[in-house]
Amino acid sequence: MADETRTPTATAEAPAASEGHTQRPPSRGPRPGGGPGGPREGGRKYFRRKKVCKFCVEKIESINYKDVRLLAQFVAESGKIVPRRLTGVCTPHQRRLSCAIKQARNIALLPFAGRAM
C-alpha cells in the first residue's frame, strides 16, 4: 500500500542523486584472527614486560659523564642516543643521561659517530 502512495517524481529523484556514487559494502566487524597477518600459530603470544628505569631501580642519584661504561649502554652502535621507549628510562633520568652523554662526547670520552664502514 505504501508503494501506491508514492509519487512518480520521488522515485525518479532517488537514482539521480546516487548516480556517481557507489555504495560501500556493509562492515564485517573486527577480524577474528587479530591483525592483518591472521592468527598467530605456535602457542602462546609474546608477553611484553614493562620496562623500568635502571636508575630508579638501582637508586642512582646522579649520572656522571665520566662513567663511560654506564653511558655506553645508552648509545647505539651508530652513535645515536637510544630513546626512552627502547631503554625504559624515566623522563628526568633520560634528560640527565642525554646531558651526560653530550658532555662525555665533548671531552672525547664517547664518540660522536659510530664506526666507519
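The values are calculated or read from the model by the stated rules, or taken from the named source; none is laboratory data. All values derive from a computational prediction rather than experimental measurement. Cβ sites come from the backbone with ideal geometry, for glycine too, and all protein chains shown count toward neighbours.
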Some residue of segment 97-106 being outside any helix (DSSP H, G or I), in contact with a strand residue (DSSP E or B) (Cβ under 9 Å, 6 or more places away or on another chain) and closer than 23 Å to Val52 by Cα: no
Of the criteria (1) modelled with pLDDT of 80 or more; (2) at negative phi, which one Glu19 fails: (1)
Complete set of residues in segment 65-95 that are exposed (fewer than 15 other Cβ atoms within 10 Å of the Cβ), assigned to a helix (DSSP H, G or I) and not β-branched (Val, Ile, Thr): Arg69, Ala72, Arg85, Leu86, Pro92, Arg95
